[in-house]
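Report on the following structure.
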Amino acid sequence: MKKYLVIGNPINHSLSPELHNHWIKQNGLDAIYEKRKLNNNDLENLILDIKKGKIKGVNVTVPFKNTIIPFLDDLSTEAKKTHSVNTIHLKNKKVVGHNTDITGFETAIQNINFDFKKKKIFILGAGGVVPSIIYASVKMGSSEIMISNRTERKAIEIKNIFNNIKLVKWGEIPGFDVVINATSLGLNQDDKINLDFTKVGKNKLFYDVIYNPSETNFLNLGKKLGNKCENGKLMFIYQAFSSFKLWHGIEPLINEETIKILDR
Ligand code: ATR
């Protein structure tokens, strides 16, 4: 039986096993997908297990998307450009890091028929997924990308990768067409982002990377103010779709049943 993993720390919340095992069963594959909580000093052995064929593929989540890179033999162009890996795959005996968060975000945005062309994008947070959102936003033709993070140092690190982005002081709200919550604020239903969006106007896109809960206070407020709102569910499903395709060579089915798997 082929074994696949998602690694992270913490990892308990991850719904990747539910989604991948659903598709594994649907396609009659002899495989299993599990989650594993790791520490930094476990990464080297993990890669050895991939080389030995004990593990066939790995998804990587917070906090290893960047720290896993030195252990890999090669990177896809996207993983190289974002310094971020969420999918590992053994190809021609080489352990290769890919980034399917980018296509996950892009496909999710296309799915809601929102056009990023010439739009001003304001991103909150500077965590693991932000480089992928920036890369996808550039690719989709946005005119300006601004990021704001409570800890400025981390925002500066991201600006070192993407020179053209603008840094915004935490607490300030610039003019924007799209605001994206990429912080972990909202994972708890009571979490509130301490920013004042009341003057931003209507008909913007409020996007939250969080999908559980399905409507964070951030999205709820965006909606009340007359904006389009979208959570991170489709992004999560489409990044998993691309990992699945990479590993198994099959495009898994996405329908109502798939989406329900994430309703917890
Ligand atoms: P990591 O930073 O390890 O990659 P993450 O979950 O991807 O983890 O990112 C967490 C993000 O949520 C960070 O941008 C974090 O801001 P800091 O860099 O200042 O820690 C942000 N975040 C978490 N709690 C926050 C809070 N109470 N207020 C504002 N931002 C918060």
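Taking every alpha-carbon pair under 8 Å whose residues sit at least 6 apart, the chain reaches a relative contact order of 16 percent.
Taken per residue, the accessible surface of the chain reaches 50 Å², heavy atoms only and a 1.4 Å probe. Label zone of N194 (point 7 Å out along Cα→Cβ, amide N under 15 Å): in the stretch 126-163 this covers 149-152. The trypsin sites (Lys or Arg not before Pro) found in the stretch 98-151 that occupy coil by DSSP, while having at most 13 further C-beta atoms within 10 Å, are K117, K118. As a length-normalised measure over Cα pairs under 8 Å and 6 or more apart, the relative contact order of the stretch 102-231 settles at 21 percent.
Using alpha carbons only, how many angstrom separate the centre of the stretch 221-264 from the centre of the stretch 86-108? Rounded to whole Å, the Cα centres lie 17 Å apart.
For the pair K51 and E18, label points projected 7 Å from Cα toward Cβ lie 3.7 nm apart.
If the reach is capped at under 20 angstrom between alpha carbons, list the aspartates and glutamates near K154, excluding any in the same chain fewer than eight residues apart. Within the straight-line cut-off, K154 pairs with D101, E144, E172, D208. From its DSSP helices (H runs of at least four residues, each -39,500 (n - 2.57)), the chain gives a residue-normalised ellipticity at 222 nm of -9500 deg cm²/dmol. Go through S184, V200, A108 and say which Cα lies farthest out towards the positive end of the charge dipole of the stretch 102-231; charges sit on Cβ, +1 for Lys and Arg, -1 for Asp and Glu. After comparing all options, I get V200.
Surface composition of the stretch 82-238: carbon and sulfur make up 46 percent of the accessible area, probe 1.4 Å. Taking amide H as placed 1.01 Å from N in the peptide plane, the amide H of L75 sits under 5 Å from that of G97, each at least 5 places away or on another chain.
Indicate the gyration tensor shape class of the stretch 102-231 (rounded, prolate or oblate), computed on the Cα atoms with a ≥ b ≥ c the square roots of the eigenvalues: a/c under 1.5 is rounded; otherwise a/b larger than b/c is prolate and the rest oblate. Cα axes put the stretch 102-231 in the rounded bin.
Counting only residues at least eight positions apart within a chain, or on another chain, the lysines with an alpha carbon under 20 Å from that of K94 are K2, K3, K51, K52, K54, K56, K65, K80, K81, K245. Between the amide H of K166 and those of I145, M146, I147, distances stay under 5 Å, these residues lying 5 or more places away or on another chain, with hydrogens modeled in the peptide plane.
The values are calculated or read from the model by the stated rules, or taken from the named source; none is laboratory data. Predicted model only: the values in this text are computed from it and were never measured. A quick note on method: Cβ atoms are made from the backbone with ideal geometry, for glycine too, and the neighbour counts reach across all protein chains shown. Note: accessible area is taken over every heavy atom of the protein model, side chains too, but ligands, DNA and RNA are not part of it. Shrake-Rupley method; radii C 1.70, N 1.55, O 1.52, S 1.80 Å.
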